[in-house]
Amino acid sequence: MTQTNTPQYKPPYIGRFAPSPSGPLHFGSLFCALASYLDAKKNAGQWLVRIEDIDTPRIDPSMSKVILDSLRAHGLEWDDEVIYQSQRHDLYEQYLNLLNRKALLYGCSCSRKQIKQRSGFYDGHCRTRKLPFDKHALRFKHVENNTYFTDKHLGNVTISHPIATEDSVLKRADGIYAYHLVVIADDIEQGITHIVRGNDLVETTPIHLSLFDAFDSTRPQYCHMPVLSQKPNEKLSKQHHSPAIDDKLAADNIKLALFLMGFKKQDIPTHNRIDQLIFWAIENWSLNIVPLKREILISTANGVYSEFSNINEGE
Ligand code: GLU
Ligand code: ZN
């Protein structure tokens, strides 16, 4: 048999980290950012950062810079200009128009209370009511069922949560474009091929896949990482008052994140050069080492996020 030396075609890899600037970067988001960065770089990909500052009442514009400074301090450099969702309203309107042309959008006047009284999940109540679009929330007529998909980390996943098949809101009655619309519009516009994010978003993946299909766009590969929690079902987050990471302890933060990701403590370099730590982590990265768990409990006693040695006691 003759051997040809045609180089193997590898599709490009474009990954992203998409923080919402509702507070500074906490350790849980650093963990996700690092995982998506390592997976992108290990695959010779690009890593983009997008600021999801669309939900104006919840966000604090000054936090965008704080988050970006923290990423940089932790050696996570992005490959293209950062985009800000607050500056992309025209684009989101175009995406809504596309859905409208396909008759996949409708106005809804149901209040939260009414939905709660019916079943707790939206049952398509307004689908045929032909309500005007102004002053009403706009919902996606979700006709596909993508509750089964293959995750790069979790393997075959089936979502039984009712949110997976809901007609989700894409624009709220107060005019704010909703997360499900903007995240997909931007993933499509930025040509994202791989999405590494926290497991807290796994239930929304079916909606996201259906939106990719509705926009006739190629689906990215999803990869859901465990979330870090202080207590069961209490992921590190702003709501749970997780402290900001300390950029001055960047090397320790990275080492702890690598340890929690599944690297063995004795393998992680002990020095404090961020660039070398990150380089080492890219070289050695593999999803196979990441625990197949929905959440990883971490001790925050004595505020020890940064104290790599304390957290490893007893290992
Ligand atoms: N902006 C979202 C968040 O901070 C992440 C969106 C995503 O990764 O799909 O939770
Ligand atoms: Zn309704």
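When SER70, SER64, SER22 are screened for being modelled with pLDDT under 95 and touching an Asp or Glu at 6+ places or on another chain (Cβ under 7 Å), only SER22 passes. For the range 32-61, the tally of residues that are outside any strand (DSSP E or B), modelled with pLDDT of 95 or more and either of a type outside the set (Asp, Glu) or within 26 Å of ASP275 (Cβ to Cβ) (or both) stands at 14. Name the one entry in ARG172, ARG197 that is more than 16 Å from ligand 2 (Cβ to nearest atom), among the basic types (Lys, Arg) and at pLDDT 95 or above. Just one listed residue meets the conditions, ARG197.
Quick check on LEU236: is it at pLDDT 95 or above and under 21 Å from SER70 (Cα atoms)?
So LEU236 does not fit the description; no.
When residues in the range 147-185 are screened for being closer than 26 Å to PRO291 by Cβ and of a type outside the set (Val, Ile, Thr), 11 of them pass. For the range 13-31, taking the residues that are touching a Gly at 6+ places or on another chain (Cβ under 6 Å) and either under 17 Å from MET225 (Cα atoms) or in a strand (DSSP E or B) (or both), the one that is farthest from ligand 1 (Cβ to nearest atom) is identified as ILE14.
Residue by residue through the range 128-162, note down the ones that are within 16 Å of ligand 2 (Cβ to nearest atom) and either within 24 Å of the chain's Cα centre (by Cα) or surrounded by 13 or more Cβ atoms within 10 Å (Cβ to Cβ) (or both).
LEU131, PHE133, HIS136, ALA137, LEU138, ARG139, PHE140, LYS141, HIS142, PRO162
Only one residue in ILE184, ILE159, ILE163 is out of contact with any Leu (no Cβ under 7 Å at 6 or more places or on another chain) and modelled with pLDDT of 95 or more, so which one is that?
Only one candidate passes the filter, namely ILE159.
When the range 251-264 is filtered for residues that are small (Gly, Ala, Ser) and crowded, with 23+ Cβ neighbours inside 10 Å, only ALA257 remains.
Among the residues of the range 171-184, the ones that are over 10 Å from ILE54 (Cβ atoms) and within 12 Å of ligand 1 (Cβ to nearest atom) come to 2 in all.
Scanning the range 163-181 for residues that are without any contact (Cβ under 8 Å) to a residue 60 or more places away in the chain and touching an Asp or Glu at 6+ places or on another chain (Cβ under 8 Å), which turns out surrounded by the most Cβ atoms within 10 Å (Cβ to Cβ)? Looking at residues that are without any contact (Cβ under 8 Å) to a residue 60 or more places away in the chain and touching an Asp or Glu at 6+ places or on another chain (Cβ under 8 Å), I get ALA164.
The condition (being aliphatic (A, V, I, L, M) and under 21 Å from HIS194 (Cα atoms)) is satisfied by just one residue among ILE83, ILE59: ILE83.
Is there a residue in the range 287-309 that is of a type outside the set (Ser, Thr, Tyr), in a loop (DSSP other than H, G, I, E, B), surrounded by 13 or more Cβ atoms within 10 Å (Cβ to Cβ) and at pLDDT below 90? Yes. Picking from residues in the range 262-285 that are assigned to a helix (DSSP H, G or I) and at pLDDT below 95, the one that is farthest from LEU76 (Cα to Cα) is GLN266. Can you find even one residue in the range 98-108 that is more than 16 Å from ligand 1 (Cβ to nearest atom), surrounded by fewer than 17 Cβ atoms within 10 Å (Cβ to Cβ), without any contact (Cβ under 8 Å) to a residue 40 or more places away in the chain and not hydrophobic (A, V, I, L, M, F, W, C)? Within the range 98-108 (the criterion being more than 16 Å from ligand 1 (Cβ to nearest atom), surrounded by fewer than 17 Cβ atoms within 10 Å (Cβ to Cβ), without any contact (Cβ under 8 Å) to a residue 40 or more places away in the chain and not hydrophobic (A, V, I, L, M, F, W, C)), the answer is yes, since at least one residue qualifies.
Restricting attention to the range 233-276, the residues that are touching a Lys or Arg at 6+ places or on another chain (Cβ under 7 Å) and touching a residue at least 24 places away in the same chain (Cβ under 8 Å) total 1.
The values are calculated or read from the model by the stated rules, or taken from the named source; none is laboratory data. These numbers were taken from a predicted model, which means no experiment stands behind them. FYI the Cβ positions are ideal-geometry reconstructions off the backbone, even for glycines, and counts take in every protein chain you see.
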